[in-house]
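Structure record follows, encoded as structure tokens.
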Amino acid sequence: MREYYIIDRHELLSQTSRLVWLYGQTGYGKTTLMQQDYAQNEGDKLWLDSDTADLEDKFQLFIQHHDIAGATLYIDDIHLFDDVWLEYLFTHLPVKAKVIVSSRSFRPKANISFVLLNQFQVLDHQQLRLNFTEITKLLPPHNIILPKDIYAMSLGWPVLINLLCNKLHKARDTEHLKHIVNSPPNALANFAQ
């Protein structure tokens, strides 16, 4: 039985947009995608989230010393930050560095510069969901359940696909797999938990 792995999707963030906003409900892989890009990024970079100690100091140091082309500022779960800090952030965004933001909603502050808005990319749950090819890479090697069936059950929602594929990899035998596939949707959701 092969071991489950995470699909590397950091290429979704490789476009030239200077501000990328990832948004979707929990489980769409926003943080995972940002972590993958962060790990691959060899340039100057800074990761900020609501648990970051000395948030404002680290942000200021990044702006002062690392606001260069090729640098990247990652801000995870921006919806957890207070409005005062968000106001400060959006009025002091880097001029040259790329900014990647994740959130459960799309609500950029109105005072983002128009220059930056011209280089703005939004990835929502439609772009973040997994496609058939990605699902195929996650499925165990059998022909009982097809990627299109997993997609139909999950609508591409990565966290549910992850749970389903992990369960399928651990299935005891072919009959157990058939039982999983033929379960009604609510039983399937319970099974995935």
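The values are calculated or read from the model by the stated rules, or taken from the named source; none is laboratory data. Here the structure is a predicted model, which is why all the values come from computation and not from measurement. When we count neighbours, we look across all protein chains shown, and the Cβ atoms used for this are built from the backbone with ideal geometry, even at glycine. The protein model used for the area step is the full one, side chains on, heavy atoms only, and it has no ligands, DNA or RNA in it. Shrake-Rupley method; radii C 1.70, N 1.55, O 1.52, S 1.80 Å.
Within segment 152-161, being open to solvent by less than 50 Å² (accessible area, probe 1.4 Å) and assigned to a helix (DSSP H, G or I) holds for 154, 158, 160, 161. Quick one: in segment 22-80, which of the residues that are among the basic types (Lys, Arg) and free of Cβ contacts under 8 Å to residues at least 60 places away in the same chain is surrounded by the fewest Cβ atoms within 10 Å (Cβ to Cβ)? Result: 58. Within segment 111-149, the set of residues being under 24 Å from residue 72 (Cβ atoms), at pLDDT below 80 and not in a strand (DSSP E or B) comprises 111, 112, 113, 114, 115, 116, 117, 118, 119. When the residues of segment 65-91 are narrowed to those that are touching a Lys or Arg at 6+ places or on another chain (Cβ under 7 Å) and acidic (Asp, Glu), which ends up nearest to residue 23 (Cα to Cα)? Per the criteria, the residue is 87. One residue alone among 83, 49 is within 17 Å of the chain's Cα centre (by Cα) and acidic (Asp, Glu), and that residue is 49.
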